[in-house]
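Let me begin by presenting the structure, written as structure tokens, before commenting on it.
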4 protein chains.
Amino acid sequence: MSTRVADQGAAERLQVGVLGARGKVGAEVVKAVEAADDLDFTVGVDQGDPIASLVDSGTRVVVDFTHPDVVMDNLRFCVDNGIHAVVGTTGFDDSRLDTLRGWLADSPGTGVLIAPNFSIGAILMMRFSAIAAPFFESVEVVELHHPTKADAPSGTAGRTAELIAAARREAGSAPIPDATSTGLDGARGADVDGVRVHSVRVRGLVAHQEVILGGLGETLTIRHDSLDRVSFTPGVLTGVRRIGSFPGLTVGLEHFLDLG
Amino acid sequence: MSTRVADQGAAERLQVGVLGARGKVGAEVVKAVEAADDLDFTVGVDQGDPIASLVDSGTRVVVDFTHPDVVMDNLRFCVDNGIHAVVGTTGFDDSRLDTLRGWLADSPGTGVLIAPNFSIGAILMMRFSAIAAPFFESVEVVELHHPTKADAPSGTAGRTAELIAAARREAGSAPIPDATSTGLDGARGADVDGVRVHSVRVRGLVAHQEVILGGLGETLTIRHDSLDRVSFTPGVLTGVRRIGSFPGLTVGLEHFLDLG
Amino acid sequence: MSTRVADQGAAERLQVGVLGARGKVGAEVVKAVEAADDLDFTVGVDQGDPIASLVDSGTRVVVDFTHPDVVMDNLRFCVDNGIHAVVGTTGFDDSRLDTLRGWLADSPGTGVLIAPNFSIGAILMMRFSAIAAPFFESVEVVELHHPTKADAPSGTAGRTAELIAAARREAGSAPIPDATSTGLDGARGADVDGVRVHSVRVRGLVAHQEVILGGLGETLTIRHDSLDRVSFTPGVLTGVRRIGSFPGLTVGLEHFLDLG
Amino acid sequence: MSTRVADQGAAERLQVGVLGARGKVGAEVVKAVEAADDLDFTVGVDQGDPIASLVDSGTRVVVDFTHPDVVMDNLRFCVDNGIHAVVGTTGFDDSRLDTLRGWLADSPGTGVLIAPNFSIGAILMMRFSAIAAPFFESVEVVELHHPTKADAPSGTAGRTAELIAAARREAGSAPIPDATSTGLDGARGADVDGVRVHSVRVRGLVAHQEVILGGLGETLTIRHDSLDRVSFTPGVLTGVRRIGSFPGLTVGLEHFLDLG
């Protein structure tokens, strides 16, 4: 457990604590909070540390990157004490979300953000693809990763294709044209809700995705390149800064981004 | 002047005429209207043809790709007769737009769309770039064209940089970081409102633009490739189909695109 | 049949005739020859025209874009008369190539080039990919075309993968790593000789291919974009200019390109 | 100084030592040698360690990533003792290279490789660009790096442009076409020997370069992405494995790569 005394002269600064502070991701969050001019790091809590230190330290917002087994207890404590929470821990199903909504109903003014993805680039890629998809005849997804990845397509690519398919259904778009009548198995990729997804695996790559949309005489390509795992920290800090304006439960960082 | 009798049994189809029908662009519009299932081509008018044929043919929407010298007379006639107009002709300044607003005030229910760019891909590229720009530390524009182009940067690239700069100003974004202290003149491109713009000229290219945004550990790239001049026709047809719901003056097709 | 009198004062200029001159491709070749400073167009021959005009006009090199049914007769005439031939017509199997070699043995000094592909960009993409493939752990091919294409993968992509596989076999390269253990059918593309090939089909695209090679911490990408069918003409003119230095039979324009 | 006893039963394995073994780069080389099935790491030598241990340990090839002040003494020792050297240390001018050639003349069979760049991807990008440049009308270079880089353009981009310019001069290529007559300062990039070079600086990028070549209706793009500094190790190991076949002095790893 590490503690830092807040700068008394900067009352407008936000007091931020971290749950899971000694984990790989949590440690990066601590560093990012410490480096931010408008945030104060109050206390890091990990296995064996007393969670009550969050209250004692005057923490206003907590970031939680812990484990599905402990995250609900953590959130119960935070909501009961009126501490906002920005949560990257996985394992939330409808039942857990309902439980959270119940707790938050008794603590008006407190906000909890559950986000499966904090990369702003990935979130914008998905959002822009869904907005653009009904304006074009064709759209396909190509994701590119290192060759030690076990699943193909990636979770993000599958999710992107689903969002594209939903946007086109809602807009009444025609099926995507494809005259392929001869060829080799697999050449045209996987079919996710009518959207073709291709998975490239090449040594040296990290995590990349390209959405290619096309109509008569033109194409629009939206590409996200994630080159370093620290790419999630700006999204976490955005969540921390805005959670105070979003009381109740929010699922997905995109709702904090004013995307119009 | 070419005329086509509308299909009597399809009352919901839209009657569309074309001003400048024998020009290069106008001829493509005629073809696109004829090919659309929900539109009927009524009449094409060009130099020497009687504009009154628009009324006689029951035209509800006109597309105008003519010349700055005649477009105001064309629009006066259309507005007076309650015919909507979708206009790609250039040369509109504030004074002309004010005149148009005056005419439209006397003809409630009639709509005029003035659009400098009908490429949906280009419009989305600009719009997404402006939305995304405040979320990233860095953003630069690279535009690529054939080597017979006279201006550098392209008009679209300059406009994109201005929109990005405006979005960042409004969001209070910090200046874009750049530690360049030594090098060759021009290497870092042109400065448009604090945004760097690079112009590539290579034989074989048509018209392409890439906006590269980046933050800690990740980049987002939005690229538009225009490979054929017919890429403007889907945008024109979108304007034709939606103009009836936008009475008064609209400048820019983006306002018809439900971009959220 | 069109004829042009050669400029008497320019003895070093090359006299070039075209077989199939009224076809789509042949007509482009005629235009390209006429536009070249160092070439003279002598005569265009098509169905019904006397092939003897090639001799009468002093033609030194012929370009043949005709039909498999007539190309052997054309070449017999050319070889017998000592006229070099640059041939884009398809349909050459081993038996036809052997026949050609026999004819050429009786006409030393005469050259025939049979080329399945005259796009210099495509040829260099294939060649560079094969050279580079043994230096990297991974390599995959992504080809992108308009959605009216019937076959997937494209012929060029299949051929590229075969050349890559052959180069790796010869160098004793290890199999390309791939840890994919779960996913959707087709996500990892088609398998061509152990090289993964992905086929993207999007409206607005023309003909594009990307070869992605990767090793520890780096990738090398070789991309060819074909945006207009005239892209074959520089390759044809290169063939015309160099055929005189390559007596006998040559298969593939790459042998004329001094690629080391 | 660390030492490892060679496996007696594997006489065909190569004994490799490292000079500068405790430096950042040297330490990566030690790891890479240890991980290679066909190489044995013998001894690491750094400041204060006795260089004679190279001889005692039976080292056949040395890798030197040290400092310009000591590298010549290191090489004198290696050449005198018939140990091959693969050198990434900088600071070699013509005078030093001449001195090296003199020493090597007295030690026939010993090889020294001086290489300014061990990234195989970068070497191939430069080589392919120079080969391809004379076949296209246009060629430009775009390099993209993080915004803390001080120089623009990068050294690699400048070198690439010089190699392209030299290849075009030798082939008698025409000047690159450019009709730009109006625009903003810097838009067209820097001029390096008649080749335009553009430097993009965006947070999140590492080190990337794209060479775009174009002719009638087609473009060829060669792109290198360096995402991790370990990308130099495969090149170093290639140097180690082949140096025995290249007695005398070699400058540039490309000469070991059988690029034709």
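If you put +1 on each Lys and Arg Cβ and -1 on each Asp and Glu Cβ, how big is the dipole of the protein assembly as shown around its Cα centre, in Debye rounded to 20? Each step should come with its number before you reach the end.
Details: 88 positive and 136 negative charges, 1 e Å.
Roughly 0 debye for the protein assembly as shown.
With the Cα gyration tensor of the range B:120-227 in hand, give its eigenvalues times 5 under a square root as the equivalent ellipsoid semi-axes, listed largest first in whole angstrom.
Working: eigenvalues 97, 61, 29 Å².
Each semi-axis is the square root of five times an eigenvalue, giving 22, 17, 12 Å.
Kindly give the distances from C:P116 to its copy-mates, label point to label point, with each label point 7 Å from Cα along Cα→Cβ, as nm values to one decimal ordered shortest first.
Going from nearest to farthest copy, the values are 4.0, 4.4, 4.9 nm.
Around B:S138, which amide H atoms from residues at least 5 apart in sequence, or from another chain, sit under 5 Å from its own amide H, with H modelled in the peptide plane?
Under 5 Å from the amide H of B:S138 lie the amide H atoms of B:G214, D:R203, each far enough along the sequence or on another chain.
Placing the label point 7 Å from Cα along the Cα-to-Cβ direction, what are the distances from A:D46 to the equivalent spots in the other copies, shortest first, in nm to one decimal?
2.8, 7.6, 7.9
Rounded to the nearest 500, what is chain B's calculated 222 nm mean residue ellipticity when only DSSP H runs of at least 4 contribute -39500 (n - 2.57) each, over all residues?
Helices in chain B give a 222 nm mean residue ellipticity of -9500 deg cm²/dmol.
Summed for both chains, how many Å² of accessible area, to the nearest 100, are buried between A and C with a 1.4 Å probe?
Between A and C, the summed buried area is about 3100 Å².
Can you order the peptides A:82-94, A:197-209, D:186-198 by their average number of other Cβ atoms within 10 Å per residue, highest first? Before the final figure, lay out the partial values.
On the way: A:82-94: 18.3, A:197-209: 24.2, D:186-198: 22.2.
Per-residue Cβ counts within 10 Å, averaged per peptide and sorted highest first, yield A:197-209, D:186-198, A:82-94.
Charges only on Cβ, +1 for Lys and Arg, -1 for Asp and Glu: so what's the dipole of the range A:120-227 about the Cα centre, in debye to the nearest 20?
Charge dipole, the range A:120-227, about its Cα centre: 260 debye, nearest 20.
Place a +1 charge on the Cβ of each Lys and Arg in the range A:1-160 and a -1 charge on the Cβ of each Asp and Glu, then give the dipole magnitude about the Cα centre in debye, rounded to the nearest 20.
Value, rounded to 20: 140 debye.
Using alpha carbon coordinates only, what is the Rg to Rh ratio of the protein assembly as shown, with Rh defined as the Kirkwood radius?
Numbers: Rg = 32.9 Å, Rh = 32.6 Å.
Radius of gyration over Kirkwood radius for the protein assembly as shown works out to 1.01.
Based on alpha-carbon centroids, what's the gap between the range A:15-42 and the range B:185-248 in Å, whole number please?
Measuring centre to centre over Cα atoms gives 38 Å.
What does DSSP give for the range A:120-227 in terms of the percent of beta bridges that are antiparallel, rounded to the nearest 5? Before the final figure, lay out the partial values.
Details: 20 of 26 bridges.
Here the antiparallel bridges make up roughly 75 percent for the range A:120-227.
Please give the residues from the range C:164-180 for which the solvent-accessible area of heavy atoms, probe 1.4 Å, is smaller by at least 30 Å² with all protein chains in place than with the chain isolated.
C:P177, C:A179, C:T180
Check the axis relating chain B to chain C and name the residue of B whose C-beta is nearest, distance in whole Å.
B:L227, 3
Let me know the mean shielding of A:232-239 by other chains, meaning the per-residue number of their Cβ atoms within 10 Å of its Cβ.
2
Using +1 at the Cβ of each Lys and Arg and -1 at the Cβ of each Asp and Glu in the range B:120-227, identify which of B:H198, B:A122, B:A132 lies farthest towards the dipole's positive end.
Final value for the positive-end residue is B:A122.
Place the label 7 angstrom along Cα→C-beta at B:D94 and in each other copy, then list the distances from the first to the rest in nm, shortest first.
5.6, 6.5, 7.9
How long is chain B along each principal axis, judged by its Cα atoms, biggest number first, in Å?
Per principal axis, max minus min of the Cα coordinates gives 68, 40, 35 Å.
For the range D:133-147, in order, what is each residue's ³J(HN,Hα) by Karplus, 6.51 cos²θ - 1.76 cosθ + 1.60 with θ = phi - 60°, in whole Hz (x at glycine and Pro)?
Along the range D:133-147, the couplings run 3, x, 8, 10, 5, 10, 7, 9, 10, 10, 10, 10, 9, 4, x Hz.
Using a 1.4 Å probe over the heavy atoms of the protein chains, calculate the carbon and sulfur portion of the accessible area of the range C:120-227 as a whole percent.
Numbers: 1690 of 3410 Å².
Heavy-atom surface of the range C:120-227 belonging to carbon and sulfur, 1.4 Å probe: 50 percent.
The values are calculated or read from the model by the stated rules, or taken from the named source; none is laboratory data. Computed from a prediction, not measured in an experiment: that's the story for all the values here. Positions of Cβ are backbone-derived with ideal geometry, glycine not excepted, and every protein chain shown enters the neighbour counts. For accessibility, only protein heavy atoms count, side chains too; no ligands or nucleic acids. Shrake-Rupley method; radii C 1.70, N 1.55, O 1.52, S 1.80 Å.
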